[in-house]
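Okay, structure first, notes after.
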Amino acid sequence: MSVQLTGTYVTLDDGRPAVRFSRTYDHPVDRVWRFVTEPRDMAQWFPSHAEIDPRPGGTIRFSGDPHLPESTGRVLAVDPPRHLSFDWGGDELRFDLAEIAGRRTRFTLTDVIGERNAAARNAAGWEVCLAALDAMARGEAFTGPHAGADAPWKEYYAGYLAAGLPSGAPVPGLE
C-alpha cells in the first residue's frame with residue numbers, strides 16, 4: 001500500500017522540533033472549532049477521549065487511549081474560534097483555524113514534539129487521526145485511531161522513516 005504523507009517536519013523559531021499538518025474543510029470556522037473542542041466530535045478522530053476546560057490554564061482530561069494511561073493536560077492558549085493549544089503527554093498541540101471566503105476553514109495542527117526522535121512516530125499517528133477527521137468533515141464514518149491494528153499507521157511510519165524524519169522513540173505495536 002502506498003500512502004501519501006501530508007505532514008511536514010519543522011524546527012520552530014525557538015528551536016523546538018514539530019510536525020505540522022494542514023487541511024481545508026468545507027465548513028465555517030465555528031463548525032471546525034467544535035471538531036477540536038467538543039468531546040463528542042473529538043471522540044471521532046482524536047486518539048484519546050478529551051474533556052477540555054477551554055480557558056487558559058484550564059484542565060484537559062485524557063482517557064481511553066489503549067497506549068497511554070489516563071492523564072491530564074493544561075490549556076496553554078485559547079482564542080475561540082481561531083486557536084487552541086494545550087500540553088499532552090510531553091508535547092504541545094496547536095490547532096489554528098483560518099476562515100477562507102466565509103464558508104471554508106484552513107485547519108493547521110502543529111505537534112510541538114517533546115522529544116525529537118518521536119517525529120516519525122507522531123507524524124504517522126496524526127495521519128491516521130486526520131484521515132478520520134477528514135472523513136468526519138465529509139459526513140463519512142471512519143474508525144481512524146480507534147481501528148487498532150487495522151489502522152494504516154505502519155505504512156505511514158515507514159514512509160516518514162524513508163523521508164528521514166527523526167525516529168527512535170518507542171512505537172506501540174512495534175516493540
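The values are calculated or read from the model by the stated rules, or taken from the named source; none is laboratory data. These numbers come from a predicted model, not from an experiment. Cβ sites come from the backbone with ideal geometry, for glycine too, and all protein chains shown count toward neighbours. Heavy atoms of the whole protein, side chains included, go into the accessibility calculation; ligands, DNA and RNA do not. Shrake-Rupley method; radii C 1.70, N 1.55, O 1.52, S 1.80 Å.
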Using +1 on the beta carbon of Lys and Arg, -1 on that of Asp and Glu, and nothing else charged, what's the dipole of segment 20-74 about the Cα centre, debye to 20? 180 debye
Can you give the net charge of the other residues whose Cβ lies under 14 Å from the Cβ of Ala18, counting K and R as +1 and D and E as -1? -3
7 Å from Cα along Cα→Cβ at both Thr8 and Leu76: what's the point-to-point distance in nm? 1.9 nm
Give, as ranges by residue number, the residues of segment 10-52 whose backbone N falls under 20 Å from the point 7 Å along Cα→Cβ of Ala135. 22-27, 32, 35-50
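What's the extension gain from Glu51 to Ala162 if we count 0.36 nm per residue and subtract their Cα-Cα distance?
Values: separation 111, 0.36 × 111 = 39.96 nm, distance 3.56 nm.
Here the segment from Glu51 to Ala162 would lengthen by 36.4 nm.
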Select from Gly64, Gly102, Gly159 the residue whose mean-square fluctuation is largest in a Gaussian network model of the chain (Cα-Cα springs shorter than 10 Å). Gly102
Of the listed values (1) 18.5, 61; (2) 15.3, 47; (3) 15.6, 44, identify the label whose number matches Rg and Dmax of the Cα atoms in Å calculated from this model. (2)
In the chain, carbon and sulfur make up what percent of the accessible area (probe 1.4 Å)? 47 percent
Skip the ligands, DNA and RNA, and give the accessible area per residue of segment 33-138 with a 1.4 Å probe, whole Å². 45 Å²
The convex hull of the Cα atoms of segment 17-118, divided by residue count, gives a volume in Å³ per residue of 93 Å³
Across every pair of different alpha-carbon atoms, what Kirkwood hydrodynamic radius in Å does segment 18-57 reach? 11.6 Å
